[in-house]
Amino acid sequence: MSKIIAVANQKGGVGKTTTSVNLGAGLASLGKRVLLVDIDPQGNTTSGVGINKADVPNCIYDVLINEVDPNEAITSTQVEGLDIIPATIQLAGAEIELVPTISRELRLKKSLQLVKNKYDYILIDCPPSLGILTLNSLTAADSVIIPIQCEYYALEGLSQLLNTVRLVQKHLNTSLQIEGVLLTMFDARTNLGIQVIEEVKKYFQNKVYQTIIPRNVRLSEAPSHGQSIITYDPRSRGAEVYIELAKEVVSYE
Ligand code: ADP
Ligand code: MG
């Protein structure tokens, strides 16, 4: 059975892209067939797996707006078992271009139906907003992973996100679930990080992943080499924890 997971939080810089790329690579290393869908106009997931945006024949924009068959937009990556539908800056226009279209929130869902059974996991890396691209993602998804950065104000803005999840559940996708809440960029040297963990666990209870992603320099270096952490530095702490996370995700199958 395949599962579509949106990685969403309207805050930027919380680890959505890092998690999409490295959880994707982690799942692939466990033998799963994984498709990344980059739906952020910044295209960081796309460059993060070493795809040159200038060479992309079809991107997610073409799928959403020009009704290109998603099979024609899938590109393989250097990681065995990990494919991607890339994003280019073209996608920046989609937010506006989709507004007047019919069933505009259902576009991604319809497209992913056509490729779903080729994969065990489809991970959608959402943009830092609650606009129409994130709505498409939450409508297409079976569940959502919410990365939360271990910092002051960690919970700020989350009620907005959860409210959006509830609205989607009510109107667009009744079966949408919260897959899990992922604490990211934890720094064991500060008390703050530990306080944030407690606060988030109080709020989300058993939805919080046991795996906590620490701050790890190798994780921040890997994208500039166009690689996931698992290929860039398989022995790093960053690689270890994302493989742990992948195992945890698989355990909830
Ligand atoms: P988002 O997609 O939510 O905007 P990113 O995944 O792009 O967030 O992360 C924001 C920045 O923080 C990036 O420069 C990324 O390399 C860095 N980063 C993310 N996770 C970690 C981590 N665990 N340790 C160190 N740096 C990280
Ligand atoms: Mg991102």
* Looking at (1) away from ligand 2 (no atom under 16 Å from the Cβ); (2) more than 25 Å from VAL250 (Cβ to Cβ), find the lone condition where GLN42 falls short. => (1)
* Would it be correct to say that ASP38 is under 17 Å from THR134 (Cα atoms), among the acidic types (Asp, Glu) and modelled with pLDDT of 95 or more? -> yes
* To do: For residues that are within 11 Å of ligand 2 (Cβ to nearest atom) and of a type in the set (Lys, Arg), tally how many sit in the stretch 1-39.
  => 2
* **strands (runs of 3 or more DSSP E) completely within the stretch 1-120 that count 2 or more residues being within 16 Å of ligand 1 (Cβ to nearest atom), out of contact with any helix residue (DSSP H, G or I) (no Cβ under 9 Å at 6 or more places or on another chain) and on the phi > 0 side of the Ramachandran plot** => none
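Suppose we keep only residues that are assigned to a loop (DSSP other than H, G, I, E, B), among the small types (Gly, Ala, Ser) and touching a residue at least 60 places away in the same chain (Cβ under 8 Å) within the stretch 121-150. Which one would you say is farthest from ILE74 (Cα to Cα)? Full working, then the answer.
Here is the first cut: in the stretch 121-150, the residues assigned to a loop (DSSP other than H, G, I, E, B) are 126-131, 141-142, 150.
Then drop every residue that is not among the small types (Gly, Ala, Ser), which leaves 129, 131, 141.
Narrowing the set further to residues that are touching a residue at least 60 places away in the same chain (Cβ under 8 Å) leaves 129, 141.
Working: SER129: 25, ALA141: 18 Å.
The extreme case among them is SER129.
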* **Residue satisfying condition, being under 25 Å from SER47 (Cβ atoms), out of contact with any Ser or Thr (no Cβ under 8 Å at 6 or more places or on another chain) and either surrounded by fewer than 17 Cβ atoms within 10 Å (Cβ to Cβ) or free of Cβ contacts under 8 Å to residues at least 24 places away in the same chain (or both), within set TYR153, TYR232** => TYR232
* To do: Could you check how many residues of the stretch 58-87 are under 18 Å from LEU36 (Cβ atoms), touching a Lys or Arg at 6+ places or on another chain (Cβ under 9 Å) and surrounded by fewer than 21 Cβ atoms within 10 Å (Cβ to Cβ)?
  => 3
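The values are calculated or read from the model by the stated rules, or taken from the named source; none is laboratory data. This is a predicted model, so every value here is computed, not measured. Positions of Cβ are generated from backbone atoms using ideal geometry, with glycine treated the same way; all protein chains shown enter the neighbour counts.
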